[in-house]
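See structure below.
The values are calculated or read from the model by the stated rules, or taken from the named source; none is laboratory data. Computed from a prediction, not measured in an experiment: that's the story for all the values here. Ideal geometry is used to build each Cβ from the backbone, glycine not excepted, and the neighbour counts take in all protein chains shown. SASA here: full protein model, heavy atoms, side chains in, ligands and nucleic acids out. Shrake-Rupley method; radii C 1.70, N 1.55, O 1.52, S 1.80 Å.
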Amino acid sequence: MGAPIVVGVDGFAESPPAAHWAAREALLRDLRLRLIHAWNPPSPEAPTLPHEDDLHYWAQRLLTDLVGELRDAHPGLRVSAELVPRETVPALLDAARDAEMLVLGSRGRGTPGGFLLGSTGRHVLAHGERPVIMVHADDRPLTADVTVGVCLRETNEETLRFAFDAAARRGGALRAVHAGVGGPGTEEVGAAGASAAADALDAALRPWREKYPGVPVAEALTSERPALGVMHTAPGSGLLVLGREETGPGPVPCLGSVIHAAVHHAPCPVAVVPCG
C-alpha cells in the first residue's frame, strides 16, 4: 500500500477546499487520504479550563463532518482522520515525512491576509521533506495542464519528476517556464544568451520527455523577473509546480520570491517540491 496523502485541517474556510483537492488526488493516485488536526494540549501543570472539553469536542466534530462530506463527494475514497496532540508545525512535518505529499489550505487571494503567509505555512513549506501543495479556498479545477518553473542554475530533477508525473496522471500538457532571460542581474544577455537558455531548457526537459512520451510539452522563456514570469505563465493551468532548495535554519524561513509570489497570487494550487 502506498504512502497516504496528508491534509492539515483547521477551522478556517480554506481547509475543506484543500481536503477536496487532496481527495481527488488520492483517487487519481489510488492512495489513502489522512486528515490531521493538530491539537495543542495544555501542559500537565496547567489547570483544566472549563471550555477545554468543548474545544476538543468541536475539533473532533470538525474532522467527523469533513470525513462524511468527503466520502459523500468522492465515492471509493479511503479516508481517515485524527486529532494529534502536538504543536501544529512539528505535527504536520512528522505526518508529511511518511506521506506522498502534504496538502494545506492557503488564505485567499485578494484579501489582506493573502499577502502574508502565516507562520505555519512558512515553516512547513521551508522544512517539509515531501512535496507541499497549497490550495486556495477559491481555487477551482481549471484544466489538466501543469506549469513548472525551471531554474537553469540549479538541479530540477525532483521538480520535473513531480511535474511530468502530475501532467501524465491528469492527461494534460506541461508548460515549462524559465524566467529572467536577459533581465537585470542575469548572465543571459542578448540573442546568444537567449539561445543558450533555450538549449539548456531543452536539455533539462529531454530525459523527462523520453520517460513521458505521452505528455505534450511547451517551453517558455521570458525576460520578466522570475516571480512575474512564472505567474504570467501559470493562468489556465490546474497546478503550478516549483522547486525549493535547502532552506537554512532561522526563525523566519526564506522561501524565495518565486515561491512567495506563487503561494499568494498563483491562479491555481501550488506544489512546492524539495530538491537536493
Criterion (at pLDDT 95 or above, more than 18 Å from ALA26 (Cβ to Cβ), out of contact with any strand residue (DSSP E or B) (no Cβ under 6 Å at 6 or more places or on another chain) and open to solvent by 10 Å² or more (accessible area, probe 1.4 Å)) met by exactly one of ASP145, ASP165, ASP138
ASP145
For the stretch 74-86, does any single residue satisfy the condition of being in contact with a strand residue (DSSP E or B) (Cβ under 8 Å, 6 or more places away or on another chain), of a type in the set (Lys, Arg) and at pLDDT below 90?
yes
Top-ranked residue in the stretch 204-218 [being open to solvent by 50 Å² or more (accessible area, probe 1.4 Å) and part of a helix (DSSP H, G or I); ranked as nearest to ASP145 (Cα to Cα)]:
ARG209
ALA198, sole failed condition from (1) open to solvent by 20 Å² or more (accessible area, probe 1.4 Å); (2) at pLDDT 85 or above; (3) out of contact with any Asp or Glu (no Cβ under 8 Å at 6 or more places or on another chain):
(3)
Restricting to the stretch 87-113, and then to whatever is more than 18 Å from GLY11 (Cβ to Cβ) and modelled with pLDDT under 85, can you tell me which residue is surrounded by the most Cβ atoms within 10 Å (Cβ to Cβ)?
ARG109
Could you tell me how many of the residues in the stretch 29-63 are hydrophobic (A, V, I, L, M, F, W, C) and either at pLDDT below 85 or open to solvent by 70 Å² or more (accessible area, probe 1.4 Å) (or both)?
6
